[in-house]
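Colleague: There's a structure below that I have some questions on.
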Amino acid sequence: MADWRDYLDKALAYHGHLCSGQILGLRVVLKGLDLLGLDPKAQNRDLMLFVETNRCLADSVFVVTGVTLGRRRLWLLDFGKAAITFLDLNTRLAFRVAVKSTVRPARDEKDLVAFWGRYGDDEVMTCQKVVVPLKPEDLPGRPLRRVACPICGEDVSDGRDVILPDGRAVCRHCAGHGYYLIA
Ligand SMILES: [Zn+2]
Ligand SMILES: [Zn+2]
C-alpha cells in the first residue's frame with residue numbers, strides 16, 4: 001500500500017494547508033484503493049467515489065486519484081461524515097472507509113504528520129464491505145435521458161426530472177424540491 005506521506009506536498013499545494021482532514025483523507029483514499037486492489041498511480045477509470053463530506057477530507061480524493069467532479073465518478077453525499085465509499089464498476093466490489101472519532105490531536109498540536117504517524121490504520125479508520133445500488137442513469141458515460149422542463153425550459157439530464165401527477169416531467173426545482181428562491 002502506498003505511503004500517505006508521499007502525497008503531503010501535493011495535498012498542501014491543492015488544499016492550501018496541511019490539516020488532520022488532509023492527512024486522514026489521504027489515508028482513507030489509499031486504504032479504499034488498496035481494499036479494491038487498485039494502484040493509486042493507475043488511471044482507474046472504473047472507480048467511483050461517494051464522499052460524505054465537503055470539508056477538508058474531500059480534497060484528498062483528487063490529490064490521490066485525480067478524479068474530478070466533472071467525470072461523473074465523484075459524488076458528494078452531504079451526510080456530514082468523514083467517510084468515503086469506493087466502488088469498482090468493473091468488479092462491483094465496494095468498500096466504505098470511515099474515520100474513527102477516538103483519536104484527535106490537541107488544538108495546538110504542532111506536528112500533525114508526526115501525530116497521525118503514531119497511529120496505525122486500524123486505529124484511525126474502519127472499513128466495511130458494502131453494496132451501492134446504482135441505476136443505469138447513475139453511471140458515467142453519455143446521458144441516457146434528457147428532457148426539457150416544460151415550466152422553466154431548462155434541460156434536465158440523467159433521469160433527475162420528476163414526474164408530476166399530471167404526467168409532466170419537470171425539473172426538481174419546478175417540482176418544489178429547489179434549493180433556491182428567485183430573488
Ligand atoms: Zn483542511
Ligand atoms: Zn424547471
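All of the numbers you see were taken from the coordinates with simple rules; none came from a lab. What you see is a predicted model, and the numbers here were worked out from it, not measured in a lab. Because the Cβ atoms are built from the backbone with ideal geometry, glycine has one as well, and the counts that use them run over all protein chains shown.
Colleague: As I understand it, the value is the acute angle between the Cα axis of helix 20-36 and the longest principal axis of the Cα atoms of the chain; what does it come to in degrees, rounded to 10?
Modeller: 80 degrees
Colleague: Using the count of nearby Cβ atoms within 10 Å as a rough guide to exposure, how do Ser60, Ser101, Ser157, Ser20 rank from fewest to most? Please report the intermediate quantities before stating the final value.
Modeller: On the way: Ser60 27, Ser101 8, Ser157 13, Ser20 19.
Going from least to most buried by this count: Ser101, Ser157, Ser20, Ser60.
Colleague: At 7 Å along the Cα-to-beta-carbon direction for both Glu137 and Leu69, put a label point, then send me their distance in nm to one decimal.
Modeller: Inter-label distance under the simple model: 2.1 nm.
Colleague: Would you list which lysines come within 25 Å of Lys129, measuring only between C-alpha atoms, while excluding same-chain residues fewer than 8 positions from it?
Modeller: Lys31, Lys41, Lys81, Lys100
Colleague: Among Ile84, Ile163, Ile182, rank each residue by its count of other Cβ atoms within 10 Å, from fewest to most, as a rough exposure measure.
Modeller: On the way: Ile84 27, Ile163 11, Ile182 5.
So the residues, fewest neighbours to most, are Ile182, Ile163, Ile84.
Colleague: Given H placed 1.01 Å from N in the peptide plane, which residues other than close sequence neighbours of Leu74 have an amide H under 5 Å from its amide H?
Modeller: Close amide H contacts, sequence-distant or interchain: Leu49.
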